[in-house]
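Working notes, beginning with the structure itself.
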Amino acid sequence: MSIRPIVLVATLLAGCATADQHDQLVQRVDALEKKVTELEARPAAAPTGPGGAPAADSAEETAADAVLKDLATAMREGDFTTAKGKLAELDSKYANTTASKKARKLRGELDVIGKDAPASWEMEKWFQGQNDVKLDGTGTTLVVFWEVWCPHCRREVPEIENTWKELKGSGLKVVGVTKITKSATEEKVTEFLKEQKVTYPIAKEKGDLSEYFNVSGIPAAAVVKDGKIVWRGHPARLDKDQLKSWL
């Protein structure tokens with residue numbers, strides 16, 4: 001499609017002092033028109049995703065969402081072998097999709113499963129229960145990461161108390177871990193534990209444990225059995241029957 005500005009070209013041509021100038025101007029305008037025509041013929045640049053890679057189309061996003069759904073279901077059911085397979089599928093086939101980005105937190109949880117438990121469980125302070133638990137790498141320990149200002153934590157921490165009361169006779173150990181962040185204080189933690197009648201061991205850590213267990217949001221939990229991390233996720237996703245199977 002020609003976009004030559006006819007009026008402007010005619011005016012310029014009329015003002016040419018010589019035939020040579022006239023011919024040169026015509027050649028320049030023709031070259032410009034050819035360039036514009038070539039640019040117009042080029043396909044529009046495809047949208048790009050992370051790192052400049054082509055962004056996923058709607059069909060790819062739909063397929064990726066289905067894989068993410070299967071991944072979340074496997075995580076919820078504790079089928080980590082399937083979950084790791086679904087995550088690998090997301091990474092290899094749908095790396096530029098929104099679903100792949102959403103899987104980041106689940107990726108962090110899966111990465112720690114199978115790892116050795118921390119060699120050191122040094123705590124900055126114990127609020128209660130220091131003498132009631134031995135983190136010696138034997139048995140089954142439920143580790144809960146929480147903060148007193150977190151409303152979801154305030155709901156889950158007392159629920160963990162009920163689980164501990166039911167299963168401690170079968171050998172379950174529980175440790176609640178807090179870093180005392182944001183508006184939290186040691187006094188507020190003490191008040192909350194007393195108010196909610198939480199009796200399992202609670203300790204303050206500097207952040208090393210949270211980093212080791214890939215905790216990016218709270219509440220978070222992990223199950224350690226005989227020195228190996230066998231489960232990681234939100235405490236509400238932890239099935240009690242599954243927990244019993246580790247005892």
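In region 126-155, the residue that is surrounded by the most Cβ atoms within 10 Å (Cβ to Cβ) out of those that are part of a helix (DSSP H, G or I) and modelled with pLDDT of 95 or more is Cys153. For region 100-111, a residue qualifies if it is surrounded by fewer than 21 Cβ atoms within 10 Å (Cβ to Cβ) and over 18 Å from Glu77 (Cβ atoms), and the qualifying residues are Lys101, Lys102, Arg104, Gly108, Asp111.
Within region 108-125, the only residue that satisfies the criterion of being in a strand (DSSP E or B) and closer than 19 Å to Ala203 by Cα is Lys125. Here Ser183 clears all of (1) modelled with pLDDT of 95 or more; (2) closer than 18 Å to Glu122 by Cβ; (3) of a type in the set (Gly, Ala, Ser); (4) more than 21 Å from the chain's Cα centre (by Cα) except the condition numbered (2).
Taking only region 194-207 into account, find how many residues are surrounded by 15 or more Cβ atoms within 10 Å (Cβ to Cβ) and either of a type in the set (Lys, Arg) or over 14 Å from Lys125 (Cβ atoms) (or both).
First, the residues of region 194-207 that are surrounded by 15 or more Cβ atoms within 10 Å (Cβ to Cβ): 198-205.
Still in the list and also either of a type in the set (Lys, Arg) or over 14 Å from Lys125 (Cβ atoms) (or both): 198-200, 204.
Selection size over region 194-207: 4.
Scanning region 91-107 for residues that are part of a helix (DSSP H, G or I) and more than 13 Å from the chain's Cα centre (by Cα) yields a count of 3.
All of Glu60, Glu40 fail the test of being modelled with pLDDT of 90 or more and not aliphatic (A, V, I, L, M), apart from Glu60. Restricting attention to region 156-193, the residues being exposed (fewer than 15 other Cβ atoms within 10 Å of the Cβ), under 18 Å from Asp241 (Cα atoms) and hydroxyl-bearing (Ser, Thr, Tyr) number 1. With respect to (1) under 25 Å from Lys244 (Cα atoms); (2) free of Cβ contacts under 8 Å to residues at least 40 places away in the same chain; (3) not charged (D, E, K, R), the lone exception for Pro118 is condition (2). Within the set Asn214, Asn162, the sole residue that is of a type in the set (S, T, N, Q) and free of Cβ contacts under 8 Å to residues at least 24 places away in the same chain turns out to be Asn162. Please determine whether any residue of region 156-179 is farther than 20 Å from Lys134 by Cβ, outside the structural domain of Ala72 (by TED's automatic domain parsing) and assigned to a loop (DSSP other than H, G, I, E, B). Checked region 156-179: at least one residue is farther than 20 Å from Lys134 by Cβ, outside the structural domain of Ala72 (by TED's automatic domain parsing) and assigned to a loop (DSSP other than H, G, I, E, B). Any residue at all in region 187-207 that is of a type outside the set (Gly, Ala, Ser) and modelled with pLDDT under 95? Yes, that holds for at least one residue.
The values are calculated or read from the model by the stated rules, or taken from the named source; none is laboratory data. Just so you know, these numbers come straight off a predicted model, no measurement behind them. Note: ideal-geometry Cβ built from the backbone for every residue, glycine included; neighbour counts use all protein chains shown.
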